[in-house]
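Working notes for the structure below.
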């Protein structure tokens, strides 16, 4: 009976001696690296326009190295999409407004509210948008009317985080030069004036570590030379497609928007690698095949139709 304790002790000793060898074997197994996050990725918050048909108004989040950093437009419904996607807004401090129509800016105050309520400290926003003309205020005045002293939501600055708004009004004449508005840590944002009827408008180019995306905003065909220049050799051009080729949409809309055939010509001339169509109208959504064929007359790259919550990596 005394043999059993001896055998038990020998078994334990053998396991202790062999354990380091087993650990050494496990250490030689190569680890599986997590997929590398794209330098730039676009999250479509809203792919619609001014008409309510199940899409949020125009809005995008630009992810930089996997982190939300830039808000491009803030159409109605952007606030809801941010919540649905559980996006962390902690690092979003750059706001790019293409123009100040409601379907592109109606949720801006709601975005400020969401950002402030989840912040651990003070926030300094850098906001860029067009200068004013006619019925449209300059962007700095627009933000002041929202959250400035005496503004519609003046309480916002005291609700959540301490907020500072540095607003920059951008030139709106078509002969204005292309300018760089952000240049830090490899992230470069450029802008140029476009034309959207009587509403001042601008387009943006965002580049980071060799990846480039361009946002057209709403624009009519008169601004194509500026957009082609800005979008030269971009990896992704996000073009707002709100009309069909003439005469299939109301004639007055061609004074505000660019039709598919002309979008294809612009994509070809600029040499962009891929095209994402957003700001879709119901009649465009109903004739996607026709739109593709029209664009393909000039442009043979990939064409995608945006949907809310779509994520698009910007491939080099």
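The values are calculated or read from the model by the stated rules, or taken from the named source; none is laboratory data. Everything quoted here is computed from the prediction, not taken from an experiment. FYI the Cβ positions are ideal-geometry reconstructions off the backbone, even for glycines, and counts take in every protein chain you see.
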- Going through segment 159-214 in order, the residues found to be in a loop (DSSP other than H, G, I, E, B), touching a residue at least 40 places away in the same chain (Cβ under 8 Å) and out of contact with any helix residue (DSSP H, G or I) (no Cβ under 7 Å at 6 or more places or on another chain) are 162, 171, 172, 198, 200, 201, 209, 210
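Could you list, in sequence order, the residues of segment 80-96 that are touching a residue at least 60 places away in the same chain (Cβ under 8 Å) and closer than 26 Å to residue 203 by Cβ? Walk me through how you get there before you give the answer.
Initially, segment 80-96 is screened for residues touching a residue at least 60 places away in the same chain (Cβ under 8 Å), giving 81, 84-85, 94, 96.
81, 85, 94, 96 - these are the residues of segment 80-96 that are touching a residue at least 60 places away in the same chain (Cβ under 8 Å) and closer than 26 Å to residue 203 by Cβ.
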- Item | Some residue of segment 102-115 being over 14 Å from the mean Cα position of the chain (by Cα) and without any contact (Cβ under 8 Å) to a residue 12 or more places away in the chain | no
- Task: Among the numbered conditions (1) touching a helix residue (DSSP H, G or I) at 6+ places or on another chain (Cβ under 6 Å); (2) over 23 Å from residue 69 (Cα atoms), tell me where residue 254 comes up short.
- Result: (1)
- Per the list (1) buried (at least 23 other Cβ atoms within 10 Å of the Cβ); (2) in contact with a strand residue (DSSP E or B) (Cβ under 7 Å, 6 or more places away or on another chain); (3) closer than 30 Å to residue 131 by Cα, residue check on residue 235 breaks on (1)
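Filter segment 116-142 down to the residues that are part of a helix (DSSP H, G or I) and either modelled with pLDDT under 95 or within 22 Å of residue 81 (Cα to Cα) (or both), then identify the one that is farthest from the chain's Cα centre (by Cα).
Restricting attention to segment 116-142, the residues satisfying the condition of being part of a helix (DSSP H, G or I) are 116-117, 139-142.
Checking the rest, the ones that are also either modelled with pLDDT under 95 or within 22 Å of residue 81 (Cα to Cα) (or both) come to 116-117.
Numbers: 116: 20, 117: 21 Å.
Only one residue tops the list, namely 117.
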- Item | Residue list for segment 233-291, filter: under 17 Å from the mean Cα position of the chain (by Cα), within 23 Å of residue 197 (Cα to Cα) and assigned to a loop (DSSP other than H, G, I, E, B) | 241, 279, 280
- Could you tell me whether segment 279-287 includes any residue that is surrounded by 16 or more Cβ atoms within 10 Å (Cβ to Cβ) and at positive phi? yes
- Item | Selection status of residue 77, on the phi > 0 side of the Ramachandran plot, in contact (Cβ under 8 Å) with a residue 60 or more places away in the chain and either buried (at least 20 other Cβ atoms within 10 Å of the Cβ) or touching a strand residue (DSSP E or B) at 6+ places or on another chain (Cβ under 7 Å) (or both) | yes
